[in-house]
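Notes follow the structure.
Just so you know, all these numbers are worked out from the coordinates, no wet-lab data involved. It should be emphasised that the depicted structure is a prediction, and the values quoted were computed from it without experimental measurement. In this analysis, Cβ positions are derived from the backbone assuming ideal geometry, glycine residues included, and neighbour counts consider all displayed protein chains.
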Amino acid sequence: MEKKKYYITTAIAYASGKPHIGNTYEIVLADAIARFRRAQGYDVFFQTGTDEHGQKIELKAVEKGVTPKEFVDEAAGEIKRIWDLMNTSYDKFIRTTDDYHEKQVQKIFKKLYDQGDIYKGSYEGWYCTPCESFWTESQLEDGKCPDCGRPVKKAQEEAYFFKMSKYADRLIEHINTHPEFIQPVSRKNEMMNNFLLPGLQDLCVSRTSFKWGIPVDFDPKHVVYVWLDALTNYITGIGYDCGGEGTEQFKKDWPADLHLIGKDIIRFHTIYWPIFLMALDVPLPKQVFGHPWLLQGDGKMSKSKGNVLYADELADFFGVDAVRYFVLHEMPFENDGVISWELMVERLNSDLANTLGNLVNRTISMSNKYFGGEVRSTGVTDEEGVDADLKAVALETLAKCTGRMDQLRVADAISDIFTLFKRCNKYIDETMPWALAKDEAKKDRLAEVLYNLVESIAIGAELLESFMPETSARILSQLGAAKRGFDAMDRFGLYPSGNKVTDKPEILFARMDLKEVLAKVEELHPAPKEETEAAQDKKEEPEEIELAIRDEITYDDFGKLQFAVGEILSCEEVKKSRKLLCSQVKIGNTVRQILSGIKGPYSAQEMVGKKVMVLVNLKPAKMAGLTSEGMILCAEGPDGTLALMTPEKDLPSGSGIS
């Protein structure tokens, strides 16, 4: 049976310099989606590349004392190096200086001119060089570019214009009848309300004030406006021929199934691009997804701010897959994500070294210790139902991941896989293999426990391949497990009984000391003297929180409050609330339902398995239609940061706190 095609693209990276980790996030995100679709059996074509024309590049080349082509050759090479370093499986890397692309852009411009969609005029307004965008006086914000906030320059020149309003109604109708076209919905609403419904102005599509661009062949003093040039890569890269038949690949792969882009260029991809395609009588892409930004600290990464992180530097510290995990897992669906050295170390230690790495190492080590590495299924199941529960979690993970990936909720898909790994860790605590090993009569039960663990980890590891391909391969290799394919993920027990795990388990992720990491970072990037002095001054005079003391209470009052350690068994978002999570919390021999206003700082998935401090004897209260039977305690910093109060040591649920 012929495979179903899937054509996915990233925005082509602007070849003005080395891409930072925020730029790199997009190619890793696209790679995860492409790999997952391939695993589902799709015939995937994954295209990325570089956008290499424009005034900004011309100016940078002059500053560096090289030709624009020499400049972009070096920049494109660096971008491709980073994409390859991050183990991204793109099928084509297009450059807008490719000969075929340039010729097609000229043919497209001529066709649109000949059919009356493009006309010659003159332009007077404000131009932002970094964004390659024109603005009217009314569109400026505080006299600056509304997109990037940088200064703009007065521009007046002869130019060609595209009649955007001619196609506006048709585009509005398409968006209204294809709700999946622009995602997330918030981006669609922004485009409709801010641009389309108020009325589109004609778009300037050529420039004469610089030379580094594709010449308009019938009027050579003009070069094609960079966005008309760049956007068409999505069709020229697969063989579109303006006025011709096009290649077989173009006929097969177009329309694109997904354009993956940053939210800052959503306007160009959901207004300009579809209108250009309508004018060319070419079908529109099926979906444009405007992903959020990955921010450093409390702001967008900027070389001028000195807060830029690069993928290769992070990979040197943590490894490629750890960086892939972080950028994919920490980026929310709609809101901006945050990256820092501190957060990277925290995730590496908690999720990768502890939850995943320790699980794999323990399981292999126990298999070697108790059975010489042989993994056997004996069929000796339990009476408490923990085997069935583990198997159910393992078998439902693919369906959960598929649902998430269909909605492009990649972070949630990864969380689903780690929910399986957490369930495996819990299964070890429930079955206590070390205790079973002390009783010869329970040896077959011990073998079954270890078989269930190996099988469950193998399922999770294969699902992990789209997101952390090297780690997935390493786990499967150590387990002696072959890939089974998504079609076989609905059956538990495909790991061959009698197989052997490796006798030398590797440490997948070593824990890191934050102080040591920050010291090495400081060696690589020493802070300017004035910043160091300011930091010392701040250290000498630390900012103190002004504590508002409430009314005094007596020891008798305090004695009325009962605190205990609770273990979160499950957690889900409350649909009627923007802030509430609903947790089922085991406290000793009881389970309480507790609602907490911590959605955002914590996801439902990452709450599962945590040990927390609970106020037990709080009178039940109704919230958002649900009953809350206690309170989970958190600390709150002066900036509103929340942190769960957790026991320093791993105490059993129900342990008293006094």
Exercise. May I ask you to sort Val185, Val616 by Cβ crowding, counting other Cβ atoms within 10 Å and putting the fewest first?
Key: Val185, Val616
Exercise. Let me have the 222 nm mean residue ellipticity of the chain computed from DSSP H runs of 4+ only, each contributing -39500 (n - 2.57), with the sum over all residues rounded to the nearest 500.
Key: -12000 deg cm²/dmol
Quiz item: Toward the positive end of the charge dipole of segment 555-657, about the Cα centre and with charges on Cβ (Lys, Arg +1; Asp, Glu -1), which of Cys571, Met607, Phe558 goes farthest?
Solution: Cys571
Quiz item: Under a Cβ-Cβ cut-off of 15 Å, what is the net charge of the residues other than Arg81 that fall near it, where Lys and Arg count +1 and Asp and Glu count -1?
Solution: -4
Practice problem: Would you give the gap between the C-alpha center of segment 114-166 and the C-alpha center of segment 42-57, rounded to a whole Å? | Solution: 23
Exercise. Give me the angle, in degrees from 0 to 90, between the Cα long axis of helix 320-329 and the longest principal axis of the Cα atoms of the chain, rounded to the nearest 10.
Key: 90
Quiz item: Once the dipole of the chain is set up with Lys and Arg at +1 and Asp and Glu at -1 on Cβ about the Cα centre, which of Pro652, His259, Phe161 lies farthest towards its positive end?
Solution: His259
Quiz prompt | Restraint check, Lys3/Lys391; Lys400/Lys426; Lys18/Lys599; Lys391/Lys586; Lys18/Lys60; Lys5/Lys166, Cα-Cα greater than 25 Å | solution = Lys3/Lys391; Lys18/Lys599; Lys5/Lys166
Quiz item: Dipole of segment 340-500, Cα-centred, from +1 at each Lys and Arg C-beta and -1 at each Asp and Glu C-beta, to the nearest 20 debye?
Solution: 400
Self-check item: Qualifying aspartates and glutamates (Cα of each under 15 Å from Cα of Lys92; at least 8 residues distant if same chain)
Solution: Asp31, Asp43, Asp51, Asp84, Asp253
Self-check item: Segments 53-60, 455-462, 124-131 sorted - mean Cβ within 10 Å per residue, highest first
Solution: 455-462, 53-60, 124-131
Exercise. Mind putting a number on the dipole of segment 148-198 about its Cα centre? Charges go on the C-beta only, +1 for Lys and Arg and -1 for Asp and Glu, and I need it in Debye to the nearest 20.
Key: 220
Self-check item: Cα gyration tensor category, rounded, prolate or oblate, for segment 555-657 with a/c compared to 1.5
Solution: rounded
Self-check item: By average C-beta atoms within 10 angstrom, highest first, the peptides 619-627, 425-433, 236-244
Solution: 236-244, 425-433, 619-627
Practice problem: Could you tell me which of Leu309, Ile21, Leu518 has its Cα farthest along the dipole of the chain towards the positive end, charges placed at Cβ (Lys, Arg +1; Asp, Glu -1), taken about the Cα centre? | Solution: Ile21
Quiz item: What full-extension length gain, to one decimal in nm, is calculated for Asp169 and Tyr119 as 0.36 nm per residue of separation minus the Cα-Cα distance?
Solution: 16.0 nm
Practice problem: Using Cα centres only, tell me the gap between segment 76-99 and segment 198-231 in whole Å. | Solution: 25
Quiz item: Against the longest principal axis of the chain, how steep is helix 68-85, in degrees 0 to 90 to the nearest 10, with axes from Cα atoms?
Solution: 20
Quiz item: For Lys649 and Lys286 in one chain, what is 0.36 nm times their gap in residues minus the Cα-Cα distance, to one decimal in nm?
Solution: 125.6 nm
Quiz item: Which distance in nm do the two modelled labels at Phe558 and Glu141 give, with both placed 7 Å along the Cα-to-Cβ direction?
Solution: 4.9
Quiz item: At Asp84 and Asp429, where each label point lies 7 Å from the Cα along Cα→Cβ, what is the point-to-point distance in nanometres?
Solution: 4.6
Quiz item: What is the magnitude of the charge dipole of the chain about its Cα centre, with +1 placed on the Cβ of each Lys and Arg, -1 on the Cβ of each Asp and Glu, and no other charges, expressed in debye to the nearest 20?
Solution: 1360
Quiz item: Ranked highest first by the average count of other Cβ atoms within 10 Å around their residues, in what order do 18-31, 354-367 fall?
Solution: 18-31, 354-367
Exercise. For segment 408-483 and segment 245-300, compute the distance between their C-alpha centroids and round to whole Å.
Key: 39
Quiz prompt | the chain shape via C-alpha gyration tensor axes, a/c threshold 1.5 | solution = prolate
